[in-house]
C-alpha cells in the first residue's frame, strides 16, 4: 500500500503537495492535486486540493460546468481523475465502495422495488450474511428516521419528489458509510419541502456525526448545512491560455452550530458570509483565475 | 364513462359480427348466376345435349362455398370430439394444435435460451455489439422458411426442421430487444450498484434484468407472434401433423368448412398467446 502510494505520487509533477512525503497523514479525507480533463490540454479543473476532518460537513458551490459533480464522482470512485489522488482514512480511493454512501441528483431509486426493498437492497449489499428479518428491521429503522414509516410498501412512482429524495438519503445512511456524498440532493424540490428535508438532514448528520461532502447551488443551503464552504471557479480562456477551474476559496462557517433555517438570516456574520459567496458567484467564478 | 364505452364497443362488435354472418348467409344462399332456371327457348334436343355436356340447366348447382349453417355443423363436430385419432391423416383439432404448440414452445424456448444470455452479453459489451451487428443485420431479414431446405438436409428430420425454423425466426426480435434493453439500463442504477459493491452476477439479476425486463418481454412477445405465423407455413411444407398441415390436408380434401374452422382456430390461439405475453409484460413493467 505505502510503497504503491509513493510510487504513484512520484508521477504527479503539477501537484503542489507531491513532494510532501507521507501523503496520507492528517485529515480524514485528503484530495491532492486532482485534475480531470475530457479534451487534452484543457482540463475542466486542475490542482484541486482540500482536506476534510471526520464529522465535518463541507459544501462545494459553483456554477454549472465547473466540475463539481466530477469532483464528487471521483470521490465516489465512479469517475477517474486524470491526475491527483484521493485518500480516505489513510487509504487511497480507487473505485466505488461501501464506505462512501452516495445520494444521487436524480434520487436513482429502482422503480420496480418498493421503498422498503430499495433500502433493503443496499443493506443486503453491505451485510450479505444478515437474515431477511435483520435486513428488514434495519431498513425500516432508517426509513422511519426520514419519516417514511407510512410509505414502506409503496413504489417510488407513487411518491412525491421530496419523499423519493428521503428514500435516497435513508438508503445512503442505512449502509452506515464512513462518508456521505450528496450531489445536489434538493435541486429538484420546491422551497418548502427543501427546507423541511434540510432540517431533517442536519439533525441526522449531527446525531450520527457523519462526514458529509455536498454539492449545492443554493447559498443559504450551504450556509445552513456546511461547516466549511468551498467555492469552485469555472475554467476559462485568458490571455495566458486556458486556465482550468479549481477551488478558489475555502470559507469556514462562523455561525453557531445549532443554527436553524428560521433564525439563520438574523445571526451575526450571516450577511458577510452570504455577500462573500454571492460576490464570488457573480463576479469572480467565471474570471479565469484572477482571484 | 369508460364502462359505458366498453358496453357500446361490445355491442358494436356483436353488430358487426351479425352483419358479417348475414352477408355470408345471403351470399351463399343465392344460387349461382347462370344456373338460375331453364331458359324457355330450348328444344328437348338442346336440353339433352346440355345435360350430356354436364350443364344441366334444371339442376340447382351448389355454390361450393359453405353456408354459415354448414360451418356451424363443422364447428360443433370438431369441438365435440377434439381428441380423436384415426390414423395419420385424420386427427382431432386439439391433437393437431398440441403438435403445433409443442413445436412452437420448443423452438421458442431454445431461442430464449440463446437470445437472452447472448443479448445480455451484447448489451453490456459495445465491442461484442459492433462485432456481431453485421451478422445480425444480414441474418435477421431472411425469411425463416428459406432455412427449411438447409434444415431438412442437415437435420434430416421434418419435425426437428420445423422446430429449427421456429427457433431461427424467434431468435432475432428477442436478441435485439434484450441487447437494447440491457444497453439502455439507466446509468444511475448501475452507479448505485457500483457504490454498493454489488457483484456482477447479482447486478445482472437484481438490477439489469428487472430494468430491462419490459423491453425483453416486448421482444419475446414479438417473437411469439412471428413464431405462430411461421408454424402454419412450416407445417404446410413439412406435413405430418399440426394445424398448418391440417389446413393443407383439408384443402386437398376440398373441405372448405374445415379450412375456415382451422383459420379461426389459428386466430384465436394466436390471440391467446399474445394475451399471455401481454399479461407477463404488465407484470414486469414498472412506472418511473
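Considering only B:97, B:139, B:52, the mean-square fluctuation computed in a Gaussian network model of chain B, springs between alpha carbons under 10 angstrom, is largest for B:52. Panel order for A:63, B:78, by other beta carbons found within 10 Å of each beta carbon, from fewest to most: A:63, B:78.
Once you order the gyration tensor axes a ≥ b ≥ c over the Cα atoms, which shape class does region A:91-182 get: rounded for a/c under 1.5, otherwise prolate or oblate by comparing a/b with b/c? Judged from the Cα gyration tensor, region A:91-182 comes out oblate (a/c at least 1.5, b/c at or above a/b). A Förster distance of 25 Å, applied to the separation of the beta-carbon atoms of residue B:157 and residue B:276, puts the FRET efficiency at 0.30.
Place a point 7 Å from Cα of residue A:207 in the direction of its Cβ. Which residues in region A:257-277 have their backbone N less than 18 Å from it? Of the residues in region A:257-277, A:258-261 have backbone N under 18 Å from the label point off residue A:207. Extension gain for the segment residue A:283 to residue A:237, taken as residue separation times 0.36 nm less the Cα-Cα distance, is 15.0 nm to one decimal. Helical runs (DSSP H, four residues minimum) scored at -39500 (n - 2.57) apiece and divided by the length of chain B put the mean residue ellipticity at 222 nm at -25000 deg cm²/dmol.
Run through every distinct alpha carbon pair of chain B and return the Kirkwood hydrodynamic radius in angstroms, one decimal place.
23.3
Beta bridges assigned by DSSP with both partners in the protein assembly as shown are antiparallel in approximately 50 percent of cases. Classification of chain A by its C-alpha gyration tensor yields an oblate form. The axis ratio a/c (a ≥ b ≥ c) is 1.5 or more, and b/c is at least a/b. Extending 7 Å from the Cα toward the beta-carbon at both residue B:255 and residue B:268 defines two label points whose distance is 1.7 nm.
Between residue A:274 and residue B:89, the distance separating the two model label sites (each 7 Å from Cα on the Cα→Cβ line) works out to 9.6 nm. Mean-square fluctuations from a GNM of chain B, with a 10 angstrom spring cutoff on Cα atoms, peak among B:174, B:42, B:271 at B:42. Based on Cα contacts under 8 Å between residues 6+ apart, region B:93-284 shows a relative contact order of 28 percent.
Send over the Kirkwood Rh of the protein assembly as shown, from the inverse of the averaged 1/r over different Cα pairs, rounded to one decimal Å.
Result for the protein assembly as shown stands at 30.3 Å.
Under the criterion of Cα pairs below 8 Å and six or more residues apart, the relative contact order for chain A equals 22 percent. Distance between the C-alpha centres of region A:216-265 and region A:114-184: 30 Å, rounded to the whole angstrom.
Legend: ranking of residues A:30, A:91, A:266 from fewest to most surrounding C-beta atoms inside 10 Å; resulting order A:266, A:91, A:30. Going from the fewest other Cβ atoms within 10 Å to the most, the residues B:236, A:88 appear in the order B:236, A:88. For residue B:79 and residue A:176, the FRET efficiency from 1/(1 + (r/R0)^6), where r spans their Cβ atoms and R0 equals 56 Å, is about 0.30.
Between residue B:199 and residue B:135, what FRET efficiency follows from the Cβ-Cβ distance if R0 is 30 Å, with the result rounded to 0.05?
0.45
Each part reduced to its alpha carbon centroid, region B:150-173 and region B:112-148 end up 17 Å apart.
Highest mobility in the GNM of chain A, judged by mean-square fluctuation with C-alpha springs under 10 Å and restricted to A:69, A:39, A:51, is found for A:39.
FYI, it's all coordinate maths here, none of it is from the lab. Predicted model, so just to flag it, every value in this text is computed and none were measured. Neighbour counts are summed over all protein chains in view; Cβ atoms, including those assigned to glycine, are modelled from backbone coordinates with ideal geometry.
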